[in-house]
1. Which strands (runs of 3 or more DSSP E) does the stretch B:603-649 wholly contain that include 2 or more residues that are outside the structural domain of residue B:344 (by TED's automatic domain parsing), in contact (Cβ under 8 Å) with a residue 24 or more places away in the chain and surrounded by fewer than 16 Cβ atoms within 10 Å (Cβ to Cβ)?
2. Could you tell me which of the residues B:402, B:368, B:341 is touching a helix residue (DSSP H, G or I) at 6+ places or on another chain (Cβ under 7 Å), in a helix (DSSP H, G or I) and not assigned by TED's automatic domain parsing to the domain that holds residue B:302?
3. If you take the residues in the stretch B:173-184 that are outside any strand (DSSP E or B) and out of contact with any helix residue (DSSP H, G or I) (no Cβ under 8 Å at 6 or more places or on another chain), which one is farthest from the other protein chains (Cβ to nearest Cβ)?
4. What residue, among those in the stretch B:406-419 that are in contact (Cβ under 8 Å) with a residue 60 or more places away in the chain and in a helix (DSSP H, G or I), is farthest from residue B:369 (Cα to Cα)?
5. Against the condition at negative phi, at pLDDT below 80 and within 14 Å of chain A (Cβ to nearest Cβ), how does residue B:226 come out, does it pass?
6. Tell me the residue from B:342, B:386, B:371, B:395 that is on the phi > 0 side of the Ramachandran plot, out of contact with any strand residue (DSSP E or B) (no Cβ under 6 Å at 6 or more places or on another chain) and at pLDDT below 85, please.
7. Within the stretch A:71-94, work out how many residues are surrounded by 19 or more Cβ atoms within 10 Å (Cβ to Cβ) and more than 7 Å from every other protein chain (Cβ to nearest Cβ).
8. May I ask you to list the residues in the stretch A:95-104 that are in contact (Cβ under 8 Å) with a residue 24 or more places away in the chain and either more than 8 Å from every other protein chain (Cβ to nearest Cβ) or surrounded by fewer than 19 Cβ atoms within 10 Å (Cβ to Cβ) (or both)?
């Protein structure tokens, strides 16, 4: 079943790659350019999963996760964060903020599809 | 809709990021402890690295990595952002640019930059231990040797797992995919109903699994959860299968639907989502901006231009018709097409700041190479100009700035001797001025030296030795082809491009250059450019049988030609406009119009820069939107025209070049002034 996935990344090329990959897998993808934009989109409509970068201007990924998890609409919504290196401290911080999982960049398209399938079942 | 190639998007994005990085670094140089600047620099590096690796630019990624690490240390306050570090980083930025644009041209420069960086970092008092992140370590904690084919897996999930988006059903699905298994839910941790928090995960699971060596597969399943959960995987012996734990509830069938019941909020959310989709109110996915190839915008502009012409035709027909409905539609269409025109032109507008930021690097490098202290100040970055125009302005502005710094600013010692601060200031500013944008480059240097310009011009045969020229006229000579005032051609200024090329480029953009200089105080060069190149509002006039368009932005007012001026066809071609003398030119004379002039001729007063001139025409027809078409090469010698346009009835009207005509008027005025002062003397 098709899922609605919100991708939050300040890099348009990464978002575009995510959109191409996930819409290719049959999902509906919403884009946001930073955490603040992502937050308003995430609480503006129900989403099935969120992919967020951590390092972003305006509102970074950790701040976004913390703020979003305060909102009732966030309950049960998986959040996957994108991280460039497998920095354990950063991972722990994001997890403590309420993230569900992560993908280490660079990732391949099928890895992305697999992670989305893992957390949404589709 | 076909999506663009993400690699190309990455390139574009990388260009922007590199520009951002460069301006960040330059700011940082002046303000080395600004946390925001350090953060944005780090972020730019981080994004270039991350996206670079995604799109196959592995060399970029590994190159940037070391810089990112260094700036991470700066960010954490472990090492300072020294000018040396910034200089290396600027070179690194250039190298990354090459790697992304023309990787085949990138030599071994990267390695030497990295060596410089390493040398710098290791020279620091703080030991240069690169904060190399530990490699991904997901070594399973419970990996017994593969002794049997039956395994018992037990796990509990973190308490907030459900809330934070982990769906146990999906985990169980994944476990089922490993091999045949029997799943049992352990309910012993569920509290009495009063104490039960519906959002907390209380359940634990026990899975008896048949597989060869499931440890790695199970690690994959719990990849995101390993840190916060209890998990054990033990090989099953006959005894342990029999020894059922007392607290185990009924074994679950293959499908574990009932688990979903413990997460009512989740179910509620799903229900809501579905309801919204059913009623069709679910918001469509939107993105705040999108990239469009420039050619498509040009195409759009072209079509809007054609539409405007067609609309003008309709308006003309409607004006002659007595059909009220037709008139209404024509008016409506006029309003719509003019709105469409403005919107389309708006799309093409880009803030000039994108261009300005490039020059900061230029000034930085000039300052270093010429050993002059320069403060570079920019204002009006938000001023918007047509994109094509901005691209074409880059080279002329580089040249003007380079000239201002190289020839204009004095060395610090001479400045101090002249009672000025040792640091010279170059100001680059942009402001709207009517339908034009004025961009000025001002340097508080020595100002132009009229005597030196004269000597040079005579030497180069641009003027005769006995030519009488005012200082203002002498200054204009710097725009003459083949002129160069540098005593010796320096590597910076003498790049084979003279100010004449700058002037030609600006003329080609229908702009003007205005020069002001004051000995000892400095020189200001102001470029005045139209906001757009494609469509203008024009005033249609008739001279004899020909029709001409005057750009409306240049028109100041229209007056009737006084009778006494008509009689004096030769002599003083001046009008008294409220006390000010304005020279006028008779277009009939310039165009050699044979027919008899109208009884009441009109004068259109146009201005350009500080000059004004009256254009004598037979009739003023009215205003129209003018789509500018370039004249062919055959007509480039016709200085009085800047282009042509197609009128509503399909005929062609030439567009008058007001800058040139004002220049003609100015020549009259100067001649007149010279005569009167000559007579007075």
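1. On the way: elements: B:611-617, B:619-627, B:641-646.
Per the criteria, B:619-627.
2. Details: B:368 fails: touching a helix residue (DSSP H, G or I) at 6+ places or on another chain (Cβ under 7 Å); B:341 fails: not assigned by TED's automatic domain parsing to the domain that holds residue B:302.
Testing whether each residue is touching a helix residue (DSSP H, G or I) at 6+ places or on another chain (Cβ under 7 Å), in a helix (DSSP H, G or I) and not assigned by TED's automatic domain parsing to the domain that holds residue B:302 leaves just B:402.
3. Step one: of the stretch B:173-184, the residues outside any strand (DSSP E or B) are B:173-180.
Remaining after also requiring out of contact with any helix residue (DSSP H, G or I) (no Cβ under 8 Å at 6 or more places or on another chain): B:173, B:176-177, B:179-180.
Values: B:173: 7, B:176: 12, B:177: 11, B:179: 18, B:180: 21 Å.
Restricting to residues being outside any strand (DSSP E or B) and out of contact with any helix residue (DSSP H, G or I) (no Cβ under 8 Å at 6 or more places or on another chain), the top hit is B:180.
4. Step one: list which residues in the stretch B:406-419 are in contact (Cβ under 8 Å) with a residue 60 or more places away in the chain, which gives B:406-408, B:418.
Subset that is in a helix (DSSP H, G or I): B:406-408.
On the way: B:406: 10, B:407: 14, B:408: 15 Å.
The qualifying residue farthest from residue B:369 (Cα to Cα) is B:408.
5. Working: at negative phi: yes; at pLDDT below 80: yes; within 14 Å of chain A (Cβ to nearest Cβ): yes.
Yes: the conditions hold for residue B:226.
6. Working: B:342 fails: on the phi > 0 side of the Ramachandran plot; B:386 fails: on the phi > 0 side of the Ramachandran plot; B:395 fails: on the phi > 0 side of the Ramachandran plot.
Exactly one residue qualifies, and that residue is B:371.
7. Going through the stretch A:71-94 one residue at a time, the tally reaches 8.
8. Answer for the stretch A:95-104, where residues must be in contact (Cβ under 8 Å) with a residue 24 or more places away in the chain and either more than 8 Å from every other protein chain (Cβ to nearest Cβ) or surrounded by fewer than 19 Cβ atoms within 10 Å (Cβ to Cβ) (or both): A:97, A:103.
The values are calculated or read from the model by the stated rules, or taken from the named source; none is laboratory data. Here the structure is a predicted model, which is why all the values come from computation and not from measurement. Virtual Cβ from ideal backbone geometry, glycine too; neighbours counted across all protein chains shown.
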